[in-house]
C-alpha cells in the first residue's frame, strides 16, 4: 500500500466486535437475529423471470454507467416520487449497490485541499461506517457530528466551528436515519443547502431508507434543492433497491446529481467501477417501475412498527421511529445490555456504540443505546421485541 498509515488506526468494524462480544457465550434460547439490516421480506417473484428472459446479456460487457432502459426507469421514478425531472443520460448513474457510490464520492469529487488546508468531511454520529472510510480514502478528515435526542437524532451541522466549515468539502447525511429512523424535513434540508452554499461544499444524501415509512413519504433532498433553486451539482443523492424492494443481493442502486458532478463520478467509475450485469440491470429497471410490491413491503413494516409501539410503549425514553426498520432503544450500557440479552434470551442486537465514536469533549453517543432490526417475519420480530422488553426493562 502507498499510504498504509491512513488505515492503521481505524477502529474495529462493528461485526467483528459483535462476534468477539457474543460468540464466546452460549445463547439463552433459540437464536433471534436482530443485528444486521438485511431485509427478509419476499422480493417480487417476477424478478427471476426478468433475469431469465434477459440471460443472454451475461454474454456481453454491461454499460458502465447503466443501460438506457435502467437510467430511464430511475429518472421516471424520481419524477413520480419527487416531482423532479432529470436527464437520464447526464444526471444519473447506476451503481453496484449504493455503498460503492458513497465510498467513491469523496475520491471523485473532493479537492486535495480546501482553502489551503486538508479537507474535512462531516458526517452524523452514529454513522454508516462507509462514510468514515470514504473520507479517509480520499485523504480527508472525517468529522463526526453527534446526532442525539437533543438534536432530533439528526446532526446539527451549523454547530460545527467556523474553521472546520471553512475547509469542509462535503457532508454525509442519512435520511431516514440509520439507526434512529429520524427524517429530515423540508426546513432541515433547506438549512443544510444554505449552509453548503455559504461554505461551498457537497451534500452526499444517503436516502436508502426513503421508501420505508409509516404515514408520510419523507421529503427528498432533490425536491428541496429544486424548490430553493440551488445548483443541482451540489446535491448528490443515493438510492437503492436493497431496502425498498428487498433485493440486497441484486446490488443495484443509483446516484443522481447535476451533469458536471455526474461526469466527475463517471470518470472515476471508468477506471474503478464494477457495472451491474445486463440481466440484473433489466431486473432493476422493472423493479424501479413497480410500486405495488413497495406498498406491500411498507404494510409489513407498519405492522412491526405497531407491535414495537405496543411492546415498548411504557418504556421510558422509547421513541417510535418515523421511518426505516430499526429501533434505537435506550439502555444504561450498550455492550452490557447486548450481552445480557444474548446470554439470557438468545436475541442478538447491535450495541449502539459500535455505530458511533467519541468526539472531543463528548462521550460516544451510541453507548446508551442498542439497535434492533425489524427485518425478520412478524411473529419472530414480535417475540424478539417481547424478550428485549422483559429482559432489559422493568415495565
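What follows is calculated from the coordinates using simple rules that are stated; it is not laboratory data. On a predicted model such as this, the values are computed, not experimentally measured, just so you know. Heads up, the Cβs are rebuilt from the backbone with ideal geometry, glycines too, and the neighbour counts pull from every protein chain shown.
Length available on full extension from residue 267 to residue 200: 0.36 nm per residue minus the Cα-Cα distance, which gives 21.9 nm.
Over the chain, dividing the summed -39,500 (n - 2.57) contributions of all DSSP H runs of at least 4 residues by the number of residues returns a 222 nm mean residue ellipticity of -12000 deg cm²/dmol. Comparing mean-square fluctuations of 366, 346, 181 from a GNM of the chain with C-alpha springs under 10 Å, the top value falls on 346.
With the simple spin-label model, which puts each label point 7 Å out from Cα in the Cβ direction, the residue 291 to residue 185 separation comes to 2.4 nm. For residue 87 and residue 380, a Förster radius of 35 Å and the Cβ-Cβ distance give a FRET efficiency of 0.20, rounded to the nearest 0.05.
Neighbour counts of other Cβ atoms within 10 Å put 336, 261, 216 in the fewest-to-most order 216, 336, 261.
Between the C-alpha center of segment 366-387 and that of segment 32-65 there is a gap of 26 Å.
Once the mean of 1/r is taken over each pair of separate Cα atoms and inverted, segment 60-290 shows a Kirkwood hydrodynamic radius of 17.6 Å. Annotation: the residues 148, 52, sorted from fewest to most other C-beta atoms within 10 Å of their own C-beta, follow the order 52, 148. Placing a pseudo-label 7 Å from each Cα along the Cα-to-Cβ vector at residue 64 and residue 162 gives an inter-label distance of 4.4 nm.
DSSP beta bridges in the chain, what fraction antiparallel, as a percent rounded to 5?
Numbers: 18 of 38 bridges.
The antiparallel proportion sits near 45 percent.
Quick check on segment 8-115: take the gyration tensor over C-alpha atoms, sort the square-rooted eigenvalues as a ≥ b ≥ c, and tell me if it's rounded (a/c under 1.5), prolate or oblate. Judged from the Cα gyration tensor, segment 8-115 comes out oblate (a/c at least 1.5, b/c at or above a/b).
For the pair residue 359 and residue 214, the difference between a 0.36 nm per residue extended length and the Cα-Cα distance amounts to 48.9 nm.
At a temperature of 37 °C and a viscosity of 0.692 mPa s, determine how fast segment 105-206 diffuses translationally according to Stokes-Einstein, using the Kirkwood radius over alpha-carbon pairs as Rh; express D in µm²/s, rounded to the nearest whole number. Don't jump to the answer; show the numbers that get you there.
Numbers: Rh = 13.4 Å.
For these conditions, the coefficient is 244 µm²/s.
Highest mean packing first, where packing is the average number of other Cβ atoms within 10 Å per residue, the peptides 226-237, 71-82 line up as 71-82, 226-237. Annotation: the residues 368, 113, sorted from fewest to most other C-beta atoms within 10 Å of their own C-beta, follow the order 113, 368. Each label point was placed 7 Å from the Cα along the Cα-to-Cβ direction; for residue 150 and residue 56 their separation is 6.4 nm.
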